[in-house]
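As structure tokens, the structure follows; a few thoughts come after it.
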Amino acid sequence: MTSPQRTFGPLDQTHAGWGAAALAIGRPAVELAVQGPGAMPVTMSNHSHRENWFELLTRPLWGLTAAKDHVPDTVWEPLAAALARALDDEDDWYIGDAARGGQRIVEAASVGWGLAAAPEKLWEPLAPKAKDKVAAWLGRAYTAEVADTNWHYFPVFAGHGLAVVGVKTDPAVARAHLERMGEMLLGDSVFEDGPGGRVDYYNPFAFHTYALLHYKLSGDDRYVPNAAAFAKRFGSWFAADGASVPYGRSLGYRFAQSSLWGALAAADVEAVPWAEAAGHARRHLDWWWRRPMLDPEGRLTVGYSYPNDAVVEQYLTAGSPWWATKAFIGLLAGPAHPFWTADEAVPGPVIEPHKAARAVHVRDRAGHVTRLNGQAWHPWARGGQAAYGKFAYSTLAAFSHAVAGPGLEAAVPDGALHLSEDGRHWRGREDSDDGVIDENGVLTVDWQPWEDVSITTSLEAAVDGWHARVHVIDTGRCSTPGKAAGASRNRGTSRRSGSRRPSSPARACARRSSTRGPGARRASSSRCPARTCTGPQRSCRSCGASSNRGSTC
């Protein structure tokens, strides 16, 4: 962990205060980016260095354009000039052809949004040749192929930028992308981010935020009802102090987590009372404003609450965190809008099952939120097992990532259950069916750490601050269970009910074993003091006892 070098002062929760905050976040990125690709720090990424620089240059546009009346020309003028150079195929700073796709298409949406929301800052000052170059590059981005995910929105926003500056496009292109978005709807206001069914913050800060901004720019409201319905449940992801549950990939985008609330205001869609939307947005930004997330120059670092390269995915760079500026989109709603004038509503305890998201969010009486999670790991994303495969996530602390090496300490099974045959190498939940939620809000997941070990895990929570995890294990081999409670309280997760430490290394040789909470009936289990139980034979070479239910070595 890097020692914190710089933090912000108190956040002014007015429209003008947020405008100043957007400038405070965006200006340091712009001041570095306008020096050209050579000034961009070298960071880990699976993209080219020039694409990484393009992120640094363009991602602040999500917030700066919304705050444009608070941003001086001394920021806009070099930004517009640098953007023109980046999109000029005759310039040394040229970013590369958008038709090649890749990460350039992501930032094409930032450029399109910038031109659509602030043409007087980014387009009108350009010379005619520069305008032609920008329009030509963005036109190629509009027709480029994209990854089959939320990326389908990126050409749409490239098209919005072109439309505002008077460049005609084929409307069939945007129509096809938008129709594909509809095919990703899982139901109950939730979209899957491409094949695989993962549901995470890409729903609120991508699908639904883009749907609302698309509506604002075009009047096309086809996905606005989904955004509004999701917002009614989304409040349960936020603690009373403004923290949101750390879950899923791209947490390095930080307070982009709250962009949906501002997007509702920008589009003037009252999905929840404005006092509720404003309360979540204000408290969330205030929570982040007090984190040590800046470097000595005032730029956002890579990490989550503090600088930490280890917790981010392979595609994040030093320019990536400025997607966080999406949180400022609410500035498009003027200072007289009720999003800014309403008193904050304080959230109370709630249990919010969301079947399509395969999750139950619980805000307890102390204001903390626990996510009981039924989704499986994401094999593509770096750290995907930790980000998606744990049973519980909490606003009290971010989840831990496993590291290379033997032992339970390296596996760090917070919010999880891991099993081991030798006490050194541990297996947790990876591939599995997604969990199901019954009418009582109990979430059940079936999973297999080995082919001959089947586990049914049931998760249930209450607003008094605890939750129960019940693991029913059908096993054909000896294994040592290992688990840790993490920052959320749980009951019934090990043989020592209510333990907050990793469970004791009891050997389970049972045909069927269970760990349940207080008062629940337990299935019989066997224990083998010698680490010599065979798998399919259900017997112990050390003592010869059968491992049928009820037997003990």
Legend entry - Residue count for the range 157-166, restricted to those that are in contact with a Pro (Cβ under 7 Å, 6 or more places away or on another chain) and either free of Cβ contacts under 8 Å to residues at least 40 places away in the same chain or not in a helix (DSSP H, G or I) (or both): 1
Legend entry - Residues (open to solvent by 10 Å² or more (accessible area, probe 1.4 Å) and in a helix (DSSP H, G or I)) located in the range 123-135: 128, 129, 130, 131, 132, 133, 135
Legend entry - Selection within the range 31-51 - open to solvent by 80 Å² or more (accessible area, probe 1.4 Å) and polar (S, T, N, Q): 35, 46
Inset, instruction - For the range 1-112, please list each of the helices (runs of 4 or more DSSP H) lying entirely inside it that holds at least 2 residues being within 22 Å of residue 309 (Cα to Cα) and either among the hydrophobic types (A, V, I, L, M, F, W, C) or within 26 Å of the chain's Cα centre (by Cα) (or both). - result: 15-33, 49-58
Inset, instruction - Evaluate the range 137-153: report whether one residue or more is of a type in the set (D, E, K, R) and either in a loop (DSSP other than H, G, I, E, B) or modelled with pLDDT under 95 (or both). - result: yes
Legend entry - First in the range 72-93 and closer than 15 Å to residue 118 by Cβ, second anywhere and assigned to a helix (DSSP H, G or I) and not aliphatic (A, V, I, L, M), Cβ under 6 Å, 6 or more apart: 75/27; 76/121
Legend entry - Condition check for residue 434: among the acidic types (Asp, Glu) and under 19 Å from the mean Cα position of the chain (by Cα): yes
Legend entry - Test for residue 333: is it modelled with pLDDT of 95 or more and in contact with a Phe, Trp or Tyr (Cβ under 7 Å, 6 or more places away or on another chain): yes
Inset, instruction - Working only within the range 420-443, note down all residues that are within 25 Å of residue 363 (Cα to Cα) and touching a residue at least 60 places away in the same chain (Cβ under 8 Å). - result: 434, 435, 436, 437, 441, 443
Legend entry - Those residues of the range 167-214 which are charged (D, E, K, R), within 21 Å of residue 434 (Cβ to Cβ) and either open to solvent by 50 Å² or more (accessible area, probe 1.4 Å) or in a helix (DSSP H, G or I) (or both), in sequence order: 183, 188
Legend entry - Contacts under 6 angstrom Cβ, first residue in the range 113-142 being among the small types (Gly, Ala, Ser), partner open to solvent by 30 Å² or more (accessible area, probe 1.4 Å), 6 or more apart: 116/164; 116/217; 118/68; 135/167
Inset, instruction - Report whether or not residue 336 is without any contact (Cβ under 8 Å) to a residue 12 or more places away in the chain and over 21 Å from residue 383 (Cα atoms). - result: yes
Inset, instruction - Give me a count of the residues in the range 329-358 that are part of a loop (DSSP other than H, G, I, E, B) and over 30 Å from residue 435 (Cβ atoms). - result: 10
Inset, instruction - For the range 10-25, state whether one or more residues are free of Cβ contacts under 8 Å to residues at least 12 places away in the same chain and either open to solvent by less than 30 Å² (accessible area, probe 1.4 Å) or under 18 Å from residue 122 (Cα atoms) (or both). - result: yes
Inset, instruction - Test residue 120 against the stated conditions and say whether it is under 26 Å from residue 335 (Cα atoms), surrounded by fewer than 16 Cβ atoms within 10 Å (Cβ to Cβ) and touching a Lys or Arg at 6+ places or on another chain (Cβ under 9 Å). - result: yes
Inset, instruction - Scan 371, 363 and give me the residue that is under 23 Å from residue 193 (Cα atoms), surrounded by 18 or more Cβ atoms within 10 Å (Cβ to Cβ) and touching a residue at least 60 places away in the same chain (Cβ under 8 Å). - result: 371
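The values are calculated or read from the model by the stated rules, or taken from the named source; none is laboratory data. On a predicted model such as this, the values are computed, not experimentally measured, just so you know. Cβ: placed from backbone, ideal geometry, glycine included. Neighbour counts: every protein chain shown. These area figures cover heavy atoms from the full protein model, side chains too; ligands, DNA and RNA do not enter into them. Shrake-Rupley method; radii C 1.70, N 1.55, O 1.52, S 1.80 Å.
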